[in-house]
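The values are calculated or read from the model by the stated rules, or taken from the named source; none is laboratory data. For clarity, every value in this text was computed on a predicted model and none was experimentally measured. Every residue, glycine among them, receives a Cβ derived from its backbone with ideal geometry; neighbour counts consider all protein chains shown.
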Amino acid sequence: MGPGALCAVVDDGSEDGTAEAAQRWTERDSRVRLLRLPVNGGKAAAMTAGAEVSPVDLVVFLDADLLGLRPEHVRALAGPVAAGRCEMTVGVFRGGRLATDFTQAAAPVLSGQRCLRWSLFRDAPDLCSARGGAEVALSLHARRRGYRVRRVPLPGVTHVMKHEKQAWLPGRAAHARMFGEIFRYLAGHVRRR
């Protein structure tokens, strides 16, 4: 992390040891901050909470379950936004694993790896309550406002899929809940238009 950078790890009621691991980092590096939300508000609420404590307007969102992420990937996401070439970048997996590469190529709007200027996105309609529809909310906001969005390849990066984190049935149920939250956000967006 560069000077002035802050790494906010948001614990949204997880039970996987993320908060404990982040706490150990806060003791070693003052730029790491652990935010524990009192109630599970979903991914969008966690992302919003993290962005709101950022000391700078340039915010990078990264999923916590990434594999193969390197500093150059983060620089590739942040560079175009920092240079003013676009208002948001969206990271797309390449060469990580076929399943995640295919999903991201087919629907990059769902990618959780992004960089943006928070001042331009903090007023995205219903962002805080979008839950698993956070990325869709950010993408629709960019489209409505005419913001430039650039896809950034993330070679060798993948993530742990929901059905790999849990037993088969609970994993599939979590996946279905996520898509339900995305569709609920989209349905609300259509009604607002």
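Would it be correct to say that Leu138 is assigned to a helix (DSSP H, G or I), at pLDDT 95 or above and under 13 Å from the mean Cα position of the chain (by Cα)?
yes
Which residue is farthest from Asp123 (Cα to Cα), if the candidates are limited to the range 11-58 and must be out of contact with any Lys or Arg (no Cβ under 8 Å at 6 or more places or on another chain) and of a type in the set (Val, Ile, Thr)?
Taking the candidates together, the pick is Thr18.
Go over the candidates Gln113, Gln166, Gln104 one by one and state the one that is in contact with a strand residue (DSSP E or B) (Cβ under 8 Å, 6 or more places away or on another chain) and free of Cβ contacts under 8 Å to residues at least 40 places away in the same chain.
Gln104
What is the one condition in (1) out of contact with any Leu (no Cβ under 7 Å at 6 or more places or on another chain); (2) under 28 Å from Pro80 (Cβ atoms) that Glu181 does not satisfy?
For Glu181, the exception is condition (2).
Consider the range 24-47. How many of its residues are among the β-branched types (Val, Ile, Thr) and over 24 Å from Lys165 (Cα atoms)?
Within the range 24-47, residues that are among the β-branched types (Val, Ile, Thr) and over 24 Å from Lys165 (Cα atoms) number 2.
Identify all residues within the range 134-148 that are among the charged types (D, E, K, R) and surrounded by 21 or more Cβ atoms within 10 Å (Cβ to Cβ); write none if there are none.
Glu135
Of all residues being modelled with pLDDT under 95 and outside any loop (DSSP other than H, G, I, E, B) in the range 105-133, which is surrounded by the fewest Cβ atoms within 10 Å (Cβ to Cβ)? Just the residue, please.
Here the residue is Ala106.
If you take the residues of the range 45-84 that are touching a helix residue (DSSP H, G or I) at 6+ places or on another chain (Cβ under 7 Å) and not charged (D, E, K, R), which of them is surrounded by the most Cβ atoms within 10 Å (Cβ to Cβ)?
Out of the qualifying residues, it is Met47.
One line per residue, one yes/no per condition, for (1) assigned to a helix (DSSP H, G or I); (2) exposed (fewer than 14 other Cβ atoms within 10 Å of the Cβ); (3) among the basic types (Lys, Arg):
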| position | (1), (2), (3) |
| --- | --- |
| Arg150 | no, no, yes |
| Leu154 | no, no, no |
| Leu169 | yes, yes, no |
| Arg172 | yes, yes, yes |
| His175 | yes, no, no |
| Met178 | yes, no, no |
| Ile182 | yes, no, no |
| Tyr185 | yes, no, no |
| His189 | yes, no, no |
